[in-house]
Amino acid sequence: AEINPNCGDVFLSTAHESGVNRISIGIQSGNDSELKALGRTHTAKEAAAAVNRVKKVGFDNISADIMIGLPDSNRETLSKSIDFICGLEPRHISSYILKLEENTLLYKLKSTLNIPDDDSVADQYLHMCEALEKRGFSHYEISNFAQNGFEGRHNINYWNCGEYIGIGPSAHSFLNGKRFYYPSDIREFVRGARPVGDGSGGDAEEYIMLRLRLADGVLFSDYRDRFGRDIPDSVKNQAKIFEKSDLAAVSQNSVSLTDKGMLVSNEIITELLECF
C-alpha cells in the first residue's frame with residue numbers, strides 16, 4: 001500500500017490486519033524547505049513519526065520515496081535527505097527526478113524557482129546511487145533500490161513483461177498479450193464501466209525496452225526462450241559502442257545499462273531498437 005506521512009492509524013491497522021505486507025511512504029525529502037517548495041503538507045519530523053507508527057503497527061517491509069532535482073537542491077542537500085531517510089531504516093527506496101507537469105502550481109512558478117540544470121541533476125543521481133549502494137541498497141532498477149530480498153516484486157514483474165491485473169479508476173492491466181485500463185472517473189467505475197483496450201504488448205522490442213530498466217538487463221538465454229530466436233547481433237554491436245562510453249555493459253550472457261547509462265536510458269533504448 002502507498003501512503004502519505006499523514007495517513008491515519010486506522011487505515012494502517014486495517015491494512016495490516018487485512019494482509020497488506022508492504023507500505024510505501026511518500027517522504028520525498030528530509031529537508032523542510034524542499035518539502036515546502038513541493039507543496040507537501042508534512043515536515044521531516046512528521047515523516048519520521050509516520051515511519052515509527054507504521055513500524056509500531058507491525059510492518060517491517062517499508063519503502064520510502066525520495067526526489068532529486070528539487071528547487072535549490074544540490075549534492076549536499078541530497079546527502080542530508082539520504083542520511084535522514086536511511087536513518088529511518090526502510091528496506092526499499094524509490095527515487096524520482098522532479099518533472100514539472102503542465103497545469104501544476106510548480107510549473108506555473110518555474111520561472112521563479114531555482115531548478116537544477118541537467119548536469120546537476122545527473123550529478124545528484126549518480127551521487128545517490130553511490131551513497132545508497134554504500135548503505136547496503138542494491139540498485140536493482142532505474143528508480144529503485146533495495147536491501148537483499150526486499151526488491152519490489154510488482155516492479156520486477158512489470159519490467160519482465162509479466163501479467164498483472166489492476167482494479168479501480170485509472171488502473172492498468174496486462175493479460176493474455178493485451179493491455180487495458182479503467183477510466184479515471186470513480187463514479188463511472190462504481191457504475192460498472194468496462195475497461196478500455198490499450199493495444200497489445202509483450203513483443204521482443206517491448207521486452208528489451210522494459211528489461212533494460214533492470215540492473216541485470218536483457219538476458220540472452222531468456223530472450224531466446226521467449227521468442228525462439230537469438231537477439232540480433234546488430235543490437236549487441238550497438239550496445240558495445242555504448243559500452244565504450246561506460247553507458248552499458250555487454251557480456252556473453254547479457255546487455256545491461258550502467259548507472260550512467262540509466263540517466264539516458266530512453267536515448268540508448270531508442271537506438272538499440274532501431275537496430276532490429
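The values are calculated or read from the model by the stated rules, or taken from the named source; none is laboratory data. Remember, it's a predicted structure, so these values are computed and weren't measured experimentally. Note that we place each Cβ from the backbone using ideal geometry, even for glycine, and neighbour counts take in every protein chain shown. Calculation scope for accessible area: heavy atoms of the full protein, side chains included, ligands and nucleic acids excluded. Shrake-Rupley method; radii C 1.70, N 1.55, O 1.52, S 1.80 Å.
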Q: Spot the failing condition for ALA64; the list is (1) in contact with a helix residue (DSSP H, G or I) (Cβ under 8 Å, 6 or more places away or on another chain); (2) farther than 15 Å from TYR125 by Cα; (3) not in a strand (DSSP E or B), and only one is missed.
A: (3)
Q. Restricting to segment 64-87, what's the tally of residues that are out of contact with any Pro (no Cβ under 6 Å at 6 or more places or on another chain) and closer than 22 Å to ARG153 by Cβ?
A. 3
**Q.** Hits in segment 161-182 (condition: open to solvent by less than 60 Å² (accessible area, probe 1.4 Å) and more than 21 Å from ALA1 (Cα to Cα))
**A.** CYS161, GLY177, ARG179, PHE180
Q. Has segment 124-138 got any residue that is farther than 24 Å from ALA1 by Cβ, polar (S, T, N, Q) and at pLDDT 95 or above?
A. yes
Q: Only residues that are polar (S, T, N, Q) and surrounded by fewer than 16 Cβ atoms within 10 Å (Cβ to Cβ): list them for segment 115-137, please.
A: SER120
Q. Is it true that some residue in segment 127-149 is part of a loop (DSSP other than H, G, I, E, B), farther than 19 Å from PRO90 by Cβ and in contact (Cβ under 8 Å) with a residue 40 or more places away in the chain?
A. no
Q: Pull up segment 38-56, narrow it to residues that are open to solvent by less than 40 Å² (accessible area, probe 1.4 Å) and assigned to a helix (DSSP H, G or I), then point me to the one that is farthest from ASN148 (Cα to Cα).
A: LEU38
Q) Residues of segment 68-124 being farther than 24 Å from SER265 by Cβ and part of a loop (DSSP other than H, G, I, E, B), which ones? A) PRO71, ASP72, LEU88, GLU89, PRO90, ARG91, ASN103, THR104, LEU109, LEU113, ASN114
Q. Got at least one residue in segment 27-37 being part of a strand (DSSP E or B), within 24 Å of GLU151 (Cα to Cα) and modelled with pLDDT of 95 or more?
A. yes
Q.
Condition (residue is in a strand (DSSP E or B) and closer than 21 Å to LEU126 by Cα) applied to segment 261-270: is it met by at least one residue?
A. no
